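Provided herewith is a single structure, encoded as structure tokens, for subsequent inquiry.
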Amino acid sequence: MISRRALEITAAALTGIFGVAVIVSSIDNGIGWSSAGVDAGTFPFLTGVIIVLGSLYNLGQGALGRGTLAIVRTAVTSSELRRLAGLFVPAAIFVAVIPLVGMYLASAGYVFAVLAFPRRQSVLRALVIAAATPLALYVVFERMFQVSLPHGALATAFGF
Amino acid sequence: MKIVSKLLLSTTLLLLGGALPATAAWKPQKPIEFVATAGPGGGTDNLARAVQSIITKYKLTDQPVVVVNKGGGSGAEGYVYGKASAGDPYKVIFGTSNAWQQPLVSKVAFNYTDLTPIAAMAQDEFLLWVKQDAPYKTAGDFLKAAAASEFKMGGAQSKDTDEVLTRMIEKVAKVRFTYIPFKSGAEAAVQLAGGHIDAHVNNPSESLGQWRGSTQRPLCAFSAKRLPQGPKVTTSEGWSDVPTCVEQGLAISQYEQPRTVWLPGKVSPEQTAFYVDLMKQVQATPEWKEYIEKTSQVDTFLTGKAFDDFIKQDLEHVKQVAGEQGWLVK
Amino acid sequence: MENLQSLLHGFTIAITVPHLTLMVVGVLLGILVGVLPGLGAPNGVSLLLPLTFGMQPVSAIILLSSMYWGALFGGSVTSILFNIPGEPSSVATTFDGYPMARDGRPTTALATAFGSAAFGALVGVILITFLASWVAQVALAFGPPEYFAVYFLAFASFIGMGGAAPIKTLVALAIGFAIAAIGIDTVSGSVRLTMGIDELVKGVSFVVAVMGLFGIGELLIAVEEEFHARAVSSRVDWKEVFRALGRLPHHGVALLRSAAIGCWMGITPGGPTAASFMSYGIAKRFSRNGSRFGTGEAEGIVAPETADHAAGTSALLPMLSLGIPGSATAAVMMGGLMIWGLNPGPMLFVDQKDFVWGLIASMYVGNIVAVVLVLLTVPVFAALMRIPFAVIAPLIVIICVVGAYSVSNSYLDIVLMLGFGVFGYLFKKLHYPLAPLVLAIVIGDKAEDAFRQAMLMSKGSLGIFFANRLVTTLVLAGIALLLLPLALQIVRLLRKTDEAAHEKVRII
């Protein structure tokens, strides 16, 4: 279970960190506004400052439990969290293995895994969809539109 | 799962055309990727696609050729990609003099030495353009007026070829310009037509339509001799009627932008030789001549040592300008 | 009247069997690339380009422009059905299109979108037919300060209309600007905000951001809420298509206003994206049903779609008459024009009458072909909503992954897209608005470039934004639009009514 307060604080902290990173790297580009024009870092610097200040405000609001959604105490219940993980974790694994086995094998495996294991679909149906997906990708992208999808380190090892 | 992957592997094998027996001279065994360091529609992209269509038409190689655009960061995206693909002879990078100029003036994560030079295939010329109804007839008139008030000079990108040339004019003619960078030469041309800037140094193809439409005209060309005669652009004039800048007292005798072709680093000499030869074959076709003429470029072919020398010479030159302007990155 | 004669002549060129065939082929291919996020009209057009080298220029441009129409229509499909905008200009369509589809009315949403899009395109073509030369002159009046003023106006008309907390809106907007700034800066040529990742020199593509924020983000929300789209009846319901089209005239004011905004933004540098956002913002502000926008209101689909297509069509005009491409696709076509031996620019209308009028006539015919074909596909697309969530969810993930990759063949983009997905979920959950963020990613860097170019011209003085009537009017209109919601807020406070506070507003 995740409380709304924790989620607000996390979001504000994340945006705040991004803001600090923006400020730091824009200082490298130079900040200034003169008759020679506006320096490259000026606007990013300003946006960075706005992000940091805004995040601090949101952080305060979140921590104090104020703001538009103050009535909601719980943001994500544990069963919701399980469902979220059920979608996101396989997707993240899918993305992670693409460089290794390539888009085609990864997508086939991903589709098969999420369809067959929760036992919502029959294994046969899962197999069919898992085989059709990479085939459709290959025909549409690689053949029709000449977008070469990643073949992965495995395919390279086999000499593709 | 296993069956699927096996099936998939064998279908892919079949569809990709299978492996050919290796011969002494290197030959591509899988599809070749042409990486254009420009967005779709840009000059470099057009070149890559023209070469692709010629190769396909004459079947100069058995393998399919695919064009990929990586024009982000003024082309840096494509070069960085080339650097990351070291040792992969299936990526051919199409660029400009950006390959060695950009690392001088901005902190990009590549240098031209990370790539293997193949050839410089075509040269774009530069001209000095003013608005049609501007009072100056020659470059001399223009510079005299520029000395009196600070003119606004437009161009494509910052610290790139257009600005380098602008700064060279400043130095030679002892004037000051305000340089305003736009996304592309085409944009600068429209800004000139609208009277928002005073001049620009576009390539012929970037302003051809504008010249025909009498919204702007060239004063002089930055080349050693007049441009080759082609069909008339306006009713009375063609490219060869434009005087050289030297003729008009602006002593910049040569300034051009080559279209360059590269392989990633760490490829074998046989692989390099294959592509040099491939580009030579492309250049011998009538379609290539037609492409060069229609885009108003100059046909050249520099490879090997001649190309290296060209890069070194240009690099010295740009280094000097960049050094004077304080652009060099530490 | 000379134009009318030329147009009739153009029709004799456009309405021939080979050209009609080319239109059908082009439109179908266009719908396909439009529907697949990541692939867009520019991809499709640049792939077909080499095939056209051997064709007559007029046949070639008919093929390519038909593909463009198809892609414009197709781009709205995924926005409406899955909340994944295939093109930047169809983001605003998701605001009401997606809720309507979720509500079990995908057919109505699609038909409304296509109908109003066709109307917008028609107005755009009429404009090109009769006002081409005048319009070209207007476009020339826009220099960097005027460009900036147009972008400012687009922001002003959109910001402050969502129901989100002001500080959260501000943070989202600023994050969008920062993301837009990543990569090489046009004005200084230096590399910005890459934070040590060399590949980021190319910048963050809009498509990558949007597929994560909207596509994956929405998927996570949906799975968390255990949401299932309301059952769509399995019958192919043609009546519903016609009913939706028949209701369009009820939105006459919105149609006309949006078409005007679209044409204007298409000719001036705003482009289709700014046009659709602006049109949506203004419609919400001035419509009687404004408060229901965001919950599946038909007018909320009409406004952005009409403006998008009016702008997309009229964006071809500056390309032909001035040689400035109004969109990425137009840029590719312009490259094509040169290879076919034509030079875009003011003389094209004089030198190449057959080509220009053949093209303009084909815009009328091509759009009709496109709208007929696309309406035929409505039941097919609507049927996609019947696929069980458990099956469609992984497929959407794969589409987003492949789409992100195909933008520039980069694995980094896939990872970024997934990251944006998490942010999209978090932001949605906590009522941070996504629309200002997306608008800033799309036109933020253009606005910044224009501003800094103007500062170079004026030597750092803001006076340049009040230097002539055109730019002053634009800037003042922007300020007025920006202050309007604030003024309304104050009036509301004075009256001490808090009815607005209880309304259920969807955060966009």
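The values are calculated or read from the model by the stated rules, or taken from the named source; none is laboratory data. Every value quoted in this text rests on a predicted model; they were computed, and no experiment measured them. Here Cβ is always computed from backbone atoms with ideal geometry, including for glycine, and neighbour counts include all displayed protein chains. Surface accessibility is based on the protein's heavy atoms, side chains included, excluding ligands, DNA and RNA. Shrake-Rupley method; radii C 1.70, N 1.55, O 1.52, S 1.80 Å.
What about residue A:143, is it under 29 Å from residue C:423 (Cβ atoms), more than 7 Å from every other protein chain (Cβ to nearest Cβ), of a type in the set (D, E, K, R) and outside any loop (DSSP other than H, G, I, E, B)?
Numbers: under 29 Å from residue C:423 (Cβ atoms): no; more than 7 Å from every other protein chain (Cβ to nearest Cβ): yes; of a type in the set (D, E, K, R): yes; outside any loop (DSSP other than H, G, I, E, B): yes.
No; evaluated as a whole, the condition is false for this residue.
So, one more: Out of A:23, A:31, report the one residue that is surrounded by fewer than 21 Cβ atoms within 10 Å (Cβ to Cβ) and outside any helix (DSSP H, G or I). Even if it seems obvious, please write down each step before you answer.
Details: A:23 fails: outside any helix (DSSP H, G or I).
Residue meeting the stated conditions: A:31.
Follow-up. Quick one: what pairs do we get from the stretch B:45-67, first residue under 19 Å from residue C:332 (Cα atoms), second basic (Lys, Arg), C-beta under 6 Å, 6+ apart or different chains?
B:47/B:259; B:67/B:49
Across the stretch A:64-73, which residue is modelled with the highest pLDDT among those that are open to solvent by 40 Å² or more (accessible area, probe 1.4 Å) and more than 8 Å from chain C (Cβ to nearest Cβ)? Step through it out loud before you land on a result.
We begin by selecting, within the stretch A:64-73, every residue open to solvent by 40 Å² or more (accessible area, probe 1.4 Å); these are A:64, A:66-68, A:71-73.
When the remaining residues are screened for being more than 8 Å from chain C (Cβ to nearest Cβ), the result is A:64, A:66, A:71-73.
Details: A:64: 87, A:66: 76, A:71: 69, A:72: 74, A:73: 75.
Among residues in the stretch A:64-73 that are open to solvent by 40 Å² or more (accessible area, probe 1.4 Å) and more than 8 Å from chain C (Cβ to nearest Cβ), the one modelled with the highest pLDDT is A:64.
The rows are residues; the columns are (1) open to solvent by 10 Å² or more (accessible area, probe 1.4 Å); (2) within 11 Å of chain C (Cβ to nearest Cβ); (3) farther than 22 Å from residue C:201 by Cα; (4) not in a strand (DSSP E or B).
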{"residue": "B:38", "(1), (2), (3), (4)": "yes, yes, no, yes"}
{"residue": "B:59", "(1), (2), (3), (4)": "yes, no, yes, yes"}
{"residue": "B:66", "(1), (2), (3), (4)": "yes, yes, yes, no"}
{"residue": "B:71", "(1), (2), (3), (4)": "yes, yes, no, yes"}
{"residue": "B:78", "(1), (2), (3), (4)": "no, yes, no, yes"}
{"residue": "B:128", "(1), (2), (3), (4)": "no, no, yes, no"}
{"residue": "B:136", "(1), (2), (3), (4)": "yes, no, yes, yes"}
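Moving on. Assuming residue C:339 fulfils every condition listed in (1) open to solvent by less than 10 Å² (accessible area, probe 1.4 Å); (2) within 14 Å of chain B (Cβ to nearest Cβ) apart from one, which condition is it?
So residue C:339 meets the others, but not (1).
OK, next. Of these, C:34, C:10, C:38, which one is at positive phi, touching a residue at least 40 places away in the same chain (Cβ under 8 Å) and open to solvent by less than 60 Å² (accessible area, probe 1.4 Å)? Don't jump to the end; show me each part of the working.
Details: C:34 fails: at positive phi; C:10 fails: at positive phi.
Testing whether each residue is at positive phi, touching a residue at least 40 places away in the same chain (Cβ under 8 Å) and open to solvent by less than 60 Å² (accessible area, probe 1.4 Å) leaves just C:38.
In the stretch C:1-112, which helices (runs of 4 or more DSSP H) lie fully inside it and hold 2 or more residues that are among the hydroxyl-bearing types (Ser, Thr, Tyr)?
On the way: elements: C:2-14, C:17-35, C:41-48, C:57-82, C:91-102.
Here the list reads C:2-14, C:57-82, C:91-102.
Considering C:207, C:236, C:253, which residue is assigned to a helix (DSSP H, G or I), open to solvent by 10 Å² or more (accessible area, probe 1.4 Å), at pLDDT below 85 and out of contact with any strand residue (DSSP E or B) (no Cβ under 7 Å at 6 or more places or on another chain)? Before the answer, list the steps.
Values: C:236 fails: assigned to a helix (DSSP H, G or I); C:253 fails: at pLDDT below 85.
Answer to the selection: C:207.
Residues being within 7 Å of chain C (Cβ to nearest Cβ), in a loop (DSSP other than H, G, I, E, B) and in contact with a strand residue (DSSP E or B) (Cβ under 8 Å, 6 or more places away or on another chain): count how many of those fall in the stretch B:185-220.
Restricting attention to the stretch B:185-220, the residues satisfying the condition of being within 7 Å of chain C (Cβ to nearest Cβ) are B:186-187, B:189-191, B:193-194, B:196, B:205, B:208-210, B:212-213, B:215.
If we keep only those that are in a loop (DSSP other than H, G, I, E, B) as well, we get B:194, B:196, B:213, B:215.
Cutting the leftovers down to in contact with a strand residue (DSSP E or B) (Cβ under 8 Å, 6 or more places away or on another chain) gives us B:196, B:215.
The qualifying residues number 2.
Might you let me know whether the stretch B:179-186 holds any residue that is among the basic types (Lys, Arg), open to solvent by 20 Å² or more (accessible area, probe 1.4 Å) and closer than 30 Å to residue A:35 by Cβ? Break it down into steps so the answer makes sense when it comes.
Initial filter on the stretch B:179-186 (among the basic types (Lys, Arg)): B:183.
Adding the requirement that they be open to solvent by 20 Å² or more (accessible area, probe 1.4 Å) leaves B:183.
Now drop any that are not closer than 30 Å to residue A:35 by Cβ, which leaves B:183.
Yes.
Okay, moving on. Read through the list (1) open to solvent by less than 20 Å² (accessible area, probe 1.4 Å); (2) among the polar types (S, T, N, Q); (3) within 11 Å of chain C (Cβ to nearest Cβ); (4) touching an Asp or Glu at 6+ places or on another chain (Cβ under 7 Å), then give the number of the only condition that residue B:97 fails.
Unmet for residue B:97, out of (1) open to solvent by less than 20 Å² (accessible area, probe 1.4 Å); (2) among the polar types (S, T, N, Q); (3) within 11 Å of chain C (Cβ to nearest Cβ); (4) touching an Asp or Glu at 6+ places or on another chain (Cβ under 7 Å): (3).
So residue C:397 passes all but one of these: (1) more than 9 Å from chain B (Cβ to nearest Cβ); (2) surrounded by fewer than 24 Cβ atoms within 10 Å (Cβ to Cβ); (3) farther than 30 Å from residue B:207 by Cα. Which condition number does it fail?
It is condition (2) that residue C:397 fails.
Conditions (1) surrounded by 19 or more Cβ atoms within 10 Å (Cβ to Cβ); (2) part of a helix (DSSP H, G or I); (3) not assigned by TED's automatic domain parsing to the domain that holds residue B:223, marked per residue:
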residue	(1), (2), (3)
B:267	yes, no, yes
B:275	yes, yes, yes
B:279	yes, yes, yes
B:293	no, yes, yes
B:307	yes, yes, yes
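Residues are listed down the side, and each one gets a yes or a no for (1) under 22 Å from residue C:166 (Cα atoms); (2) among the hydroxyl-bearing types (Ser, Thr, Tyr); (3) not assigned by TED's automatic domain parsing to the domain that holds residue A:112:
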| position | (1), (2), (3) |
| --- | --- |
| A:27 | no, no, yes |
| A:36 | no, no, yes |
| A:40 | no, no, yes |
| A:49 | yes, no, yes |
| A:60 | yes, no, yes |
| A:90 | no, no, no |
| A:99 | no, no, no |
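Yes/no matrix, rows are residues, columns are (1) within 14 Å of chain B (Cβ to nearest Cβ); (2) farther than 19 Å from residue C:318 by Cβ:
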| position | (1), (2) |
| --- | --- |
| C:347 | yes, no |
| C:359 | no, no |
| C:377 | no, yes |
| C:392 | no, yes |
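Taking the condition under 23 Å from residue C:206 (Cβ atoms), within 14 Å of another protein chain (Cβ to nearest Cβ) and open to solvent by less than 20 Å² (accessible area, probe 1.4 Å), does residue C:159 pass? Give the steps one after another, and end with the answer.
Details: under 23 Å from residue C:206 (Cβ atoms): yes; within 14 Å of another protein chain (Cβ to nearest Cβ): yes; open to solvent by less than 20 Å² (accessible area, probe 1.4 Å): no.
Spelling it out, it is not the case that residue C:159 is under 23 Å from residue C:206 (Cβ atoms), within 14 Å of another protein chain (Cβ to nearest Cβ) and open to solvent by less than 20 Å² (accessible area, probe 1.4 Å).
Among the residues of the stretch A:74-100, how many are polar (S, T, N, Q) and either facing another protein chain (nearest Cβ under 8 Å) or assigned to a helix (DSSP H, G or I) (or both)?
Here is the first cut: in the stretch A:74-100, the residues polar (S, T, N, Q) are A:74, A:77-79.
Subset that is either facing another protein chain (nearest Cβ under 8 Å) or assigned to a helix (DSSP H, G or I) (or both): A:78-79.
Going through the stretch A:74-100 one residue at a time, the tally reaches 2.
Across the stretch B:148-164, which residue is nearest to residue B:216 (Cα to Cα) among those that are at pLDDT below 95 and aliphatic (A, V, I, L, M)?
Going through the qualifying residues, I end up with B:156.
Related question: Give the stretch B:139-163 a look and list any residue that's open to solvent by 50 Å² or more (accessible area, probe 1.4 Å) and more than 27 Å from the chain's Cα centre (by Cα), or say none.
If the condition is that a residue be open to solvent by 50 Å² or more (accessible area, probe 1.4 Å) and more than 27 Å from the chain's Cα centre (by Cα), then B:141, B:144, B:147, B:148, B:149, B:150 are the ones that fit.
Is one or more of the residues making up the stretch B:188-195 β-branched (Val, Ile, Thr) and either modelled with pLDDT of 90 or more or out of contact with any Leu (no Cβ under 7 Å at 6 or more places or on another chain) (or both)?
Keep residues of the stretch B:188-195 that are β-branched (Val, Ile, Thr), which gives B:190.
Among the residues that remain, those that are also either modelled with pLDDT of 90 or more or out of contact with any Leu (no Cβ under 7 Å at 6 or more places or on another chain) (or both) are: none.
Among the residues of the stretch B:188-195, not one is β-branched (Val, Ile, Thr) and either modelled with pLDDT of 90 or more or out of contact with any Leu (no Cβ under 7 Å at 6 or more places or on another chain) (or both), which makes the answer no.
Report whether or not residue C:112 is open to solvent by less than 20 Å² (accessible area, probe 1.4 Å) and among the hydroxyl-bearing types (Ser, Thr, Tyr). Spell out how you get there, then give the answer.
Values: open to solvent by less than 20 Å² (accessible area, probe 1.4 Å): yes; among the hydroxyl-bearing types (Ser, Thr, Tyr): yes.
Yes: the conditions hold for residue C:112.
Let me ask another. State whether one or more residues within the stretch A:86-106 are under 30 Å from residue C:430 (Cα atoms), surrounded by 21 or more Cβ atoms within 10 Å (Cβ to Cβ) and in contact with a Pro (Cβ under 7 Å, 6 or more places away or on another chain).
No; the residues of the stretch A:86-106 include none that is under 30 Å from residue C:430 (Cα atoms), surrounded by 21 or more Cβ atoms within 10 Å (Cβ to Cβ) and in contact with a Pro (Cβ under 7 Å, 6 or more places away or on another chain).
If you take the residues of the stretch C:404-463 that are open to solvent by 10 Å² or more (accessible area, probe 1.4 Å), in a loop (DSSP other than H, G, I, E, B) and at negative phi, which of them is nearest to the other protein chains (Cβ to nearest Cβ)?
Checking each candidate, the answer is C:461.
Can you tell me which residue among A:132, A:126, A:155 is over 25 Å from the mean Cα position of the chain (by Cα), touching a residue at least 40 places away in the same chain (Cβ under 8 Å) and not in a loop (DSSP other than H, G, I, E, B)? Quick ask: steps written out before the conclusion?
Working: A:132 fails: touching a residue at least 40 places away in the same chain (Cβ under 8 Å); A:126 fails: touching a residue at least 40 places away in the same chain (Cβ under 8 Å).
None of the other options fit; the residue is A:155.
Residue by residue through the stretch A:114-125, note down the ones that are open to solvent by less than 70 Å² (accessible area, probe 1.4 Å), among the aliphatic types (A, V, I, L, M) and more than 9 Å from chain C (Cβ to nearest Cβ).
A:116
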